[in-house]
Amino acid sequence: MINTIAENKNRLVVNFMSLSFQQGITILFPLLILPYLLRVLGISGFGVYTLIQTGIQYFDLLITFGFGLTATHRIAKAGNDTALQKNIIESVYGIKIMLFAASLAAILICSLFIPYLQHNILIVLASAVYLAGNLLFPDWFFQGIQQMKNCTLVTFISRLLSFILIIAWVKQPGDIDKAFFALATGNVLAGFTGLLLLLRKIKISFRIPGKAFMLEMFKESGYVFISIILVPLYSTINIFILQLFANPFVVGCYSIAQKIFQAASMVTNVVNNTFFPYLSKLYLESVTEYKKRLNSLLLLLGAGFFIAAVIQFFGASFIIELLAGKNKAEDSTYAVTLLKITSFALLFTPFVSFFFQQMILQGQEKQSIKNIVITVIVNLLCATLLGYYSGGEGMAVNTGLITALIAGLNGYSVYKKLRSI
């Protein structure tokens, strides 16, 4: 018994360190390329880059289809049952391939009607390559078996390659397509390498999975996917709303503030991804112990992000100048103001995804969708009004209001369920 407890603690420590490093790479990468892209593309060009990148992320969410939670949870519960693991892997890839095909078709249709994409076919090709990388990368499997070291190394190498290619290829304001192709190259390398690591770990036959089991997984992930795909309707869609009322410079400044805010928010993924498989098992074994661990993690997240919010608020000017530099043609003071406003959202952001994961774990998929639908409706109304009357400042204020709303709804739902157990 003592050995088992020690092994679990050691595994958690190793996974926490691996995921911390991997998440650190994910956070630092956009922050490292941000100064270079801002200097080469300019604030307005960076706004265009962010708009296109946001659009690609919608298709990425479709291909991921919530398997980061559901497949991870199933792999964790499968334990040493190799046959069941194979069935899960084959079903996940079967579903993701179909979703990838649908995404490609949608991107091609979009390229027929969007003039910018018609004249920048490389962006369309880069999108396909980028999504192929996410299709192949089996991070959900390695999270499920709680072995993330190899994935961390793969992520580091792929991000490093993309960084080098961006520096080598992006030389002038019109090189937005080359920036996307650099991202896609690193991503597809990570996908192929991750698949090879999976095949070394467990041999799969690439046979057509059983329809009944695949349909079961599709339905199970469907609830999670609906919850996840709705999230951009209260987060990243705001940049599209803002561009209806503001000029490219304001959109660019808002994009800078959002990139920094999102990078800081990603830190919570380290805790979430590390403890989700562990909490999944603990919830089944002892609800009492689960509650204790839950409360401890909430205190840790709250304290950590309070400090982060204070640093972002008082260090906003330094952060923007460090990333954007002193551009004589475009003053970045406005971006500083927006970053200070979004720092208040950091007080609530770690609890959004953390409580969402607990709702999935506790079987509250339908309630999570209800919470997100409420948030989406409120966001569309508030973002439109605040964006119209107050521009970038209004949209930044809206970020804090909406983050607090969804965190509160999810937290209330989690503890309401726990009180009834």
Out of all the residues in the stretch 131-148, which are on the phi < 0 side of the Ramachandran plot, open to solvent by 20 Å² or more (accessible area, probe 1.4 Å) and not in a helix (DSSP H, G or I)? Phe137, Ile145, Gln147
Does Lys203 satisfy being open to solvent by 30 Å² or more (accessible area, probe 1.4 Å), outside any helix (DSSP H, G or I) and at pLDDT 90 or above? no
Can you find, within the stretch 221-242, the residue that is nearest to Ile75 (Cα to Cα) among those that are modelled with pLDDT of 85 or more and over 17 Å from the mean Cα position of the chain (by Cα)? Ile241
Give the stretch 120-129 a look and list any residue that's modelled with pLDDT under 80 and open to solvent by less than 50 Å² (accessible area, probe 1.4 Å), or say none. Asn120
Looking at the stretch 279-286, can you tell me whether even one residue there is hydroxyl-bearing (Ser, Thr, Tyr) and surrounded by 13 or more Cβ atoms within 10 Å (Cβ to Cβ)? yes
Over the stretch 101-119, the set of residues at pLDDT below 85 and among the hydrophobic types (A, V, I, L, M, F, W, C) is Cys110, Leu112, Phe113, Ile114, Leu117
Across the stretch 206-229, the tally of residues that are exposed (fewer than 12 other Cβ atoms within 10 Å of the Cβ) and within 26 Å of Ile377 (Cβ to Cβ) stands at 1
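Could you check the stretch 230-240 and list, in sequence order, the residues that are open to solvent by less than 20 Å² (accessible area, probe 1.4 Å) and under 15 Å from Gly387 (Cβ atoms)?
Scanning the stretch 230-240 gives Asn238, Ile239.
Name the residue, out of Gln57, Gln53, that is open to solvent by 40 Å² or more (accessible area, probe 1.4 Å), under 20 Å from the mean Cα position of the chain (by Cα) and more than 22 Å from Gln362 (Cα to Cα).
Gln57
Just checking, does the stretch 165-172 include any residue being of a type outside the set (A, V, I, L, M) and not in a helix (DSSP H, G or I)?
Looking through the stretch 165-172, at least one residue is of a type outside the set (A, V, I, L, M) and not in a helix (DSSP H, G or I).
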Residue under question is Ser353, and the condition is that it be small (Gly, Ala, Ser), open to solvent by less than 60 Å² (accessible area, probe 1.4 Å) and free of Cβ contacts under 8 Å to residues at least 40 places away in the same chain; does it hold? no
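Any idea which residue in the stretch 362-380 is farthest from the chain's Cα centre (by Cα), counting only those that are open to solvent by less than 20 Å² (accessible area, probe 1.4 Å) and not hydroxyl-bearing (Ser, Thr, Tyr)?
Applying the first criterion (open to solvent by less than 20 Å² (accessible area, probe 1.4 Å)) to the stretch 362-380 yields 362, 368, 371-372, 375-376, 379.
Those left that are additionally not hydroxyl-bearing (Ser, Thr, Tyr): 362, 371-372, 376, 379.
Details: Gln362: 22, Asn371: 19, Ile372: 16, Val376: 18, Asn379: 19 Å.
So, considering only residues that are open to solvent by less than 20 Å² (accessible area, probe 1.4 Å) and not hydroxyl-bearing (Ser, Thr, Tyr), the one farthest from the chain's Cα centre (by Cα) is Gln362.
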What are the residues in the stretch 291-317 that are among the charged types (D, E, K, R) and either outside any helix (DSSP H, G or I) or free of Cβ contacts under 8 Å to residues at least 12 places away in the same chain (or both), if any? Lys292
Of everything in the stretch 279-315, what is over 22 Å from the mean Cα position of the chain (by Cα), of a type in the set (Phe, Trp, Tyr) and under 30 Å from Ile256 (Cβ atoms)? Give them in sequence order. Phe313, Phe314
If you take the residues in the stretch 76-100 that are open to solvent by 20 Å² or more (accessible area, probe 1.4 Å) and among the hydroxyl-bearing types (Ser, Thr, Tyr), which one is nearest to Arg200 (Cα to Cα)? Thr82
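The values are calculated or read from the model by the stated rules, or taken from the named source; none is laboratory data. If you're wondering where the values come from, they're calculated on a predicted model, not measured in any experiment. Positions of Cβ are generated from backbone atoms using ideal geometry, with glycine treated the same way; all protein chains shown enter the neighbour counts. Surface areas here come from the heavy atoms of the whole protein model, side chains and all, with no ligands, DNA or RNA. Shrake-Rupley method; radii C 1.70, N 1.55, O 1.52, S 1.80 Å.
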